[in-house]
Amino acid sequence: LTLLMSVADFEDWGLYPGDHLLHLDSFVDTQRIKTAVDGRRAALLHRMRSAGFIKKKDKLTFLVGVANTIGTPYLLAACPEWFPTWYTFKAITLLTWRFVSYYSQNWHYFLLDFCYFVNLLCLVYLHVWPSQELFILCWSFVFGPLSWAIIAWKNSMVFHSVDKMTSLFVHLNAPLMLYGMRHKWSGNYVLPDPDTTTFSQMFIGPLAVYLVWQFLYWLKGTLRGFPHNKIQSTFILRRRVTE
């Protein structure tokens, strides 16, 4: 009632805050209130479904999302040498936005999840330590758990949703970047020779790193403990994904 009606509406009906309002014994008064609330609700739903209700921010986000969807594969195919720079720009922009957004909701512990760790490794490879070993590690992660997470988490391309487009970026753009570096352009980056790459480099090494990350993640959650909001929000977000 507070959201849909004002005190002036009650006064127009001869109803005033106080004992008279708190003790509505008349069936007629109750029906009048229900009818007014239903009318306000119908008008509100009609306005929300109209084109004029769409926010300018949503329109701008939709435009940027569509342009990104068109520009990203074009850049990968036509100018692969610029794709690492494009990936870095999007990673800094979107992950910073996600941190600020999640921190305000006390969800920032989600940024300790494995997908963000892998993207951090990719940025380290691009700008700090471009070694063969790190490339193999990133390759194994992005074409393994990171790519499968797109299916497992049912990532969707919703252009007007920054949150959903950020989740898609986290799981999809790193594989595209490494694919482009391996098959399109490598520049001055050091890439491993596939003929000399061993099974232990492709599987045992990444598995060991994953177990170390998992242990540290467990250590943080068990010894120091995640906030209750982290656990509660996990179930909420998983329910939203499956709906």
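The values are calculated or read from the model by the stated rules, or taken from the named source; none is laboratory data. The shown structure was predicted, so the numbers you read here are calculated from the model rather than taken from an experiment. With ideal geometry, Cβ positions are generated from the backbone for all residues, glycine too; neighbour counts draw on all protein chains shown. Ligands, DNA and RNA are excluded from the accessible area calculation, which covers all protein heavy atoms including side chains. Shrake-Rupley method; radii C 1.70, N 1.55, O 1.52, S 1.80 Å.
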Inset, instruction - Could you run through the range 112-145 and say how many residues are hydrophobic (A, V, I, L, M, F, W, C) and surrounded by fewer than 16 Cβ atoms within 10 Å (Cβ to Cβ)? - result: 7
Inset, instruction - Among the residues of the range 177-202, count how many are more than 23 Å from K90 (Cα to Cα), part of a helix (DSSP H, G or I) and open to solvent by 70 Å² or more (accessible area, probe 1.4 Å). - result: 3
Inset, instruction - Filter the range 100-134 for residues that are of a type in the set (S, T, Y) and either part of a helix (DSSP H, G or I) or touching a His at 6+ places or on another chain (Cβ under 7 Å) (or both) and give the result. - result: S101, Y102, Y103, S104, Y109, Y116, Y125
Inset, instruction - Scan the range 66-85 and report the pairs whose first residue is touching a residue at least 40 places away in the same chain (Cβ under 8 Å) and whose second residue is in a helix (DSSP H, G or I) and of a type in the set (F, W, Y), with Cβ atoms within less than 9 Å and a gap of 6+ or a chain change. - result: N68/F169; T72/F83; T72/W86; L76/F83; L76/W86; L76/Y179
Legend entry - Scan of the range 151-168 for residues that are surrounded by 17 or more Cβ atoms within 10 Å (Cβ to Cβ) and without any contact (Cβ under 8 Å) to a residue 60 or more places away in the chain, ordered by number: N155, S167, L168
Inset, instruction - Output the number of residues of the range 54-94 satisfying the condition of being at pLDDT below 85, surrounded by fewer than 11 Cβ atoms within 10 Å (Cβ to Cβ) and assigned to a helix (DSSP H, G or I). - result: 2
Legend entry - Residue under evaluation A174, criteria (1) open to solvent by less than 20 Å² (accessible area, probe 1.4 Å); (2) free of Cβ contacts under 8 Å to residues at least 40 places away in the same chain, criterion not met: (2)
Inset, instruction - Tell me, yes or no, whether the range 137-149 has at least one residue that is touching a helix residue (DSSP H, G or I) at 6+ places or on another chain (Cβ under 7 Å) and at positive phi. - result: no
Inset, instruction - Please name all residue pairs, on different chains or six or more residues apart, with Cβ atoms under 9 Å, provided the first residue is in the range 103-116 and is without any contact (Cβ under 8 Å) to a residue 60 or more places away in the chain and aromatic (F, W, Y) and the second residue is surrounded by 15 or more Cβ atoms within 10 Å (Cβ to Cβ) and assigned to a helix (DSSP H, G or I). - result: Y103/L111; Y116/L95; Y116/R98; Y116/F110; Y116/V170
